[in-house]
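Beneath this line is the structure, given in C-alpha cells, with notes to follow.
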C-alpha cells in the first residue's frame, strides 16, 4: 500500500479514479464513514500502483522517487532559492502569511518552515508547521522506511545541543510507505511543542534553533532551520502583560461563548490551530470545534489577567462530534498556566487528559475544576485546550462557554 495527501479540489471519487480503484475500497482502507468529507493535508492509504496516478499511460520516468535528483522547477532548470522565493512568493505568502518562516529547496521540493511567533514566554505552546511543496513539473513519490513522515528538533543556539526531539519516546509503524505530491501541491505536517525537554522538564529561556526534516529515503539528513527565542531569567515586562485585577467573581475570559470570529477558523481573542466555527453550540449561535482535521492536533488558548494569590474555578462545556457510529480515538487535555510579570511560569493547574469514554457523544456536558491557591506573584492565567488524535481517529471536540472566576483570596 501507499499513502496519498489530499489536495484542494480532491474528492474521494477523483482519488479512486487516479489510483484505479473504487470509492468503496478507499473507504474500507481508511475507515471513512462519510465519503463526502475529506480534508486538505489528510493522508489516505491507497493502492501502491508504483506510477504517477494522474498519468498511468505515461512513461515510468514521469514518476520520480525522492532519492533521485529533482532540483528542477517547472520553468527554470537552474533556479536557486532566491529565485524560487520570488517565483513562488504568492504560495509562500499564502502558507506562511506574516508568521516567522524560512525556506529551502531540496530535490524538487520547496520546504517552508513556520512558527506562530518569534518570541515565546516560558511554558507557552510553540506551534510549528512544515510544508513540502512540489515545485517540479512531475509528481514526486516520497518513500519512507517506517510510519514516521517528519522530524522536528529544537537545539540551543549557544552550543547546538539538542533540547527536544519529536520522535523521542514515540513509536512508529515499521511498515514502509509512500506519499505522492503532485506539481504545485503540498503536504502539511504540524506539531505543538509544550516546551518540555527530552527529559520532561521545562526548558530554560534563551535562543533556540528549530530544525525540521523530511525523513523520506535520500532526504532524511537535510534540515531546514528557523531561529526563535524563549523568554527567561530577568526579562523586562512587556506592555502587553495585563495588570492584575481584584477578585470580583466575574468571568475573566473574553469571548467565552465563541460568538465573535475573525473568520471561520479564528475565534476572536483566542489563539487557535486546526479549529473551526460550528453552529452546534451549547448556548448562543456558535461554538469552537477542535480537530477540524480529525487526524491532526489542535490547540485553543487565551491569556487574561487574574488576582494574585487567589483560588479560582475553571469550567467549560464540551461535546464529542462523532463521525457516524465510530468511536473516537483521542485525548483532550486542559491546563491553566500562571505567569508572573516577567512572563515566567509560576504555576500550572492541569486536568486530564480526557478520553472519549468520559466525553458525551454529541451532547454538551460541563467540566469544572478549581485551581487551588495561585502563586502570589502570578498576574496572568492562560487556559490551554489540547486535542491529540490517535491512530484512526475520526472524532472532533466542541468547546463552548469557557469560564474562569476568582472564588476567594
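The values are calculated or read from the model by the stated rules, or taken from the named source; none is laboratory data. Keep in mind that what you see is a predicted model, and the values were worked out from it rather than measured. Cβ coordinates were reconstructed from backbone atoms using ideal geometry, including for glycine residues, and neighbour counts include every protein chain displayed.
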### Query
Picking from 133, 222, 203, 179, which residue would you name as being outside the structural domain of residue 389 (by TED's automatic domain parsing) and closer than 27 Å to residue 332 by Cα?
203
### Message
Tell me yes or no: at least one residue of region 325-332 is surrounded by 18 or more Cβ atoms within 10 Å (Cβ to Cβ), on the phi < 0 side of the Ramachandran plot, at pLDDT below 90 and in a loop (DSSP other than H, G, I, E, B).
### Response
yes
#### Entry: Filter result (surrounded by fewer than 18 Cβ atoms within 10 Å (Cβ to Cβ), in a helix (DSSP H, G or I) and modelled with pLDDT of 80 or more) within region 80-109
93
### Message
Restricting to region 368-409, count the residues that are surrounded by 22 or more Cβ atoms within 10 Å (Cβ to Cβ), outside any strand (DSSP E or B) and more than 22 Å from the chain's Cα centre (by Cα).
### Response
3
### Residues (part of a strand (DSSP E or B), under 30 Å from residue 342 (Cβ atoms) and modelled with pLDDT of 90 or more) located in region 277-306
300, 301, 302, 303, 304, 305
### Residues located in region 355-403, provided they are out of contact with any strand residue (DSSP E or B) (no Cβ under 8 Å at 6 or more places or on another chain) and closer than 13 Å to residue 319 by Cβ
358
### The listed residue being over 21 Å from the mean Cα position of the chain (by Cα), in the same structural domain as residue 401 (by TED's automatic domain parsing) and more than 20 Å from residue 371 (Cβ to Cβ), out of 298, 281, 272, 310
281
### Message
Among the residues that make up region 169-178, is at least one of them in a strand (DSSP E or B) and either crowded, with 19+ Cβ neighbours inside 10 Å or more than 22 Å from the chain's Cα centre (by Cα) (or both)?
### Response
yes
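Could you please let me know if residue 147 is at pLDDT below 90, within 20 Å of the chain's Cα centre (by Cα), surrounded by fewer than 16 Cβ atoms within 10 Å (Cβ to Cβ) and in a loop (DSSP other than H, G, I, E, B)?
Criteria met by residue 147.
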### Task
Run down 209, 141 and say which single residue is surrounded by fewer than 19 Cβ atoms within 10 Å (Cβ to Cβ) and either part of a strand (DSSP E or B) or in contact with a strand residue (DSSP E or B) (Cβ under 9 Å, 6 or more places away or on another chain) (or both).
209
### Task
Taking residue 274 as meeting all but one of (1) surrounded by fewer than 20 Cβ atoms within 10 Å (Cβ to Cβ); (2) closer than 28 Å to residue 394 by Cα; (3) at pLDDT below 90, write down the number of the exception.
(1)
